[in-house]
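Only one structure is covered here, and it is reproduced in the block below.
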Amino acid sequence: MSKITHLSPEWQSWILENLGRGCTPQSVVEVMVEKNFDPMFASAIVFHFVSSGNSGAGGLPGPAIPGAQSAQQRAIQSGYVYETPRFPQAGSVIRTGDRDVRVVVRMEKPVVAVLDGLLSQEECDELIRLSANKLKRSTIVDPQTGREEVIDDRTSLGTFFSLRENEFIARLDERVSQLMHWPVENGEGLQILNYRVGGEYKPHYDYFPEQDPGSHVHLKSGGQRVSTLVMYLNDVDEGGETIFPEMGLSVSPKKGSAVYFEYCNSQGQVDPLTLHGGAPVIKGEKWIATKWMRQRIFG
Ligand SMILES: O=C(O)CCC(=O)C(=O)O
Ligand SMILES: [Fe+2]
């Protein structure tokens, strides 16, 4: 009989439970081998859980539906190690060079912050005005080929500014870099998106998954994306929330406010709990500006 080389949710829970109550990794591996797991596979999996620092799984909630994994279990399986966030961990106001930004909500794992007063009403209007006649149908990166493709999952119109394209954009690039605690030069140019009624961006990751062949061309310049700031340029009459399905979080657009999240640590690991999307606009339209930061200088 061939050896087992995959992990069912039941076995995952069993491993976590036993490590959590103090069993040695060796004894856990031994039981797995007895139960016909491939020895190399069993050691690798158990070592992975121990080294990711998540073996003390005492209080992990079980799956809501039998056989389904909870978001926490998936996060543990991914092995993502949370380090000290780039984003400031305390304080209700972040002072940038030219504007004080209020922190409305902060979350630790994953690192998420909802911010208010990041852009003035006039700055929002100006970004829309400068973009309105440059809009094109948005694309996504094809996971296989790496080419930009128009797909139904992303029904928005968009345009980019190059980094520091003019004095106004340079001021915003600088402010956003101070807020994200990451160098201006590591930022991609601001992306402006416009969603009309029905327009949406289905849940996705902003990072480029290493296992997708199409990612490699995008990782060449600047490396992985590490964090995102989505800035809301208008109030949406209905719908258009930024949703984070794995966290059960939804952020409603408000003119001048923003949502920040980070997902790549110093080891280049990425956090799958930052899956997110733009919910369909039900009434009115939605305008956003997105900033993506890279590991290194971009472009
Ligand atoms: O539309 C939104 O709220 C999210 C946009 C987004 O995910 C992106 O630009 O990468
Ligand atoms: Fe995104």
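The values are calculated or read from the model by the stated rules, or taken from the named source; none is laboratory data. Keep in mind that this is a model prediction, so the values were computed, not measured. Positions of Cβ are backbone-derived with ideal geometry, glycine not excepted, and every protein chain shown enters the neighbour counts. All accessible areas refer to the heavy atoms of the entire protein, side chains included, with ligands and DNA or RNA removed. Shrake-Rupley method; radii C 1.70, N 1.55, O 1.52, S 1.80 Å.
For the Cα trace of the stretch 244-292, dividing Rg by the Kirkwood Rh returns an Rg/Rh value of 1.01. The dipole here belongs to the stretch 149-190: it is taken about the Cα centre, uses +1 on the Cβ of Lys and Arg and -1 on the Cβ of Asp and Glu, and is about 220 debye. One equal scatterer on each Cα of the stretch 160-287, no solvent, Debye formula: the resulting log10 I(q)/I(0) at q = 0.13, 0.15, 0.17, 0.22 Å⁻¹ is -0.59, -0.80, -1.02, -1.42. Fully extending the segment from Ile140 to Lys109, taken as 0.36 nm per residue of separation minus the present Cα-Cα distance, adds 8.5 nm. Only the Cβ atoms of Lys and Arg (+1) and of Asp and Glu (-1) were treated as charged; on that basis the dipole of the stretch 75-190 about its Cα centre amounts to roughly 180 debye.
Projecting the Cα atoms of Pro110, Met231, Gly79 onto the charge dipole of the chain (Cβ charges, centred on the Cα centre) puts Met231 farthest toward the positive pole. If you take all other residues with their beta carbon under 10 Å from the beta carbon of Thr274, and give Lys and Arg +1 and Asp and Glu -1, the sum is -4. Rounded to the nearest whole Hz, the Karplus-based 3J(HN,Hα) values (6.51 cos²θ - 1.76 cosθ + 1.60, θ = phi - 60°) of the stretch 118-127 follow the sequence 6, 10, 6, 4, 5, 5, 4, 4, 5, 4, with x at glycine and proline. When only alpha carbons are used to place a centre, the stretch 243-299 and the stretch 173-188 end up 15 Å from one another.
Here the alpha carbons of the stretch 189-256 define both size measures, Rg and Dmax, at 14.4, 40 Å.
Counting only helical runs of four or more DSSP H residues, what would the 222 nm mean residue ellipticity of the chain come to if each run contributes -39,500 (n - 2.57) and the total is spread over all its residues?
Mean residue ellipticity, 222 nm, calculated: -7500 deg cm²/dmol.
Helix 167-180 and the longest principal axis of the C-alpha atoms of the chain enclose an angle of approximately 30°.
Compare Val33, Val259, Val81 in a GNM of the chain, Cα atoms joined below 10 Å, and give the one with the largest fluctuation. Among Val33, Val259, Val81, the largest mean-square fluctuation in the Gaussian network model of the chain belongs to Val33. Per residue, the chain exposes an accessible area of 48 Å² to a 1.4 Å probe, with every protein chain left in place. Remark on the stretch 71-217: hydrodynamic radius 17.8 angstrom, per the Kirkwood mean of 1/r across alpha carbon pairs.
When we measure straight from the Cα of Lys286, which lysines land under 18 angstrom away, once same-chain ones fewer than 8 places off are left out? Qualifying lysines at Cα under 18 Å: Lys134, Lys136, Lys202, Lys254, Lys255. Measuring nothing but how far apart in sequence close Cα pairs (under 8 Å, 6+ apart) lie, relative to its length, the stretch 122-241 scores a relative contact order of 29 percent.
If each residue of separation counts as 0.36 nm, what is the full-extension length gain between Lys3 and His216 once their alpha-carbon separation is subtracted?
73.4 nm
Report, in debye and to the nearest 20, how large the dipole of the chain comes out about its Cα centre when Lys and Arg carry +1 and Asp and Glu carry -1 on their Cβ.
Dipole of the chain, to the nearest 20 debye: 200 debye.
Pairs of alpha carbons in the stretch 163-218 separated by more than 19 Å make up 52% of all such pairs.
Can you return the lysines within cross-link range of Lys35? Criterion is Cα-Cα under 26 Å, with same-chain partners fewer than 8 residues away left out. Qualifying lysines at Cα under 26 Å: Lys3. Think of the chain as having a plus end and a minus end, set by charges on the Cβ of Lys, Arg, Asp and Glu; of Gly97, Gly277, Val28, Gly97 sits farthest toward the positive end of this dipole. When Rg and the Kirkwood radius Rh are both evaluated on Cα atoms of the chain, their ratio Rg/Rh stands at 1.02. Computed over protein heavy atoms with a 1.4 Å probe, the carbon and sulfur contribution to the accessible area of the chain reaches 53%. Within the stretch 206-220, find all residues whose amide N lies under 18 Å from a label point positioned 7 Å from the Cα of Glu149 along Cα-to-beta-carbon. Only 206-219 pass the distance filter.
Compared with the dominant principal axis of the Cα atoms in the chain, helix 25-34 is inclined by about 70°.
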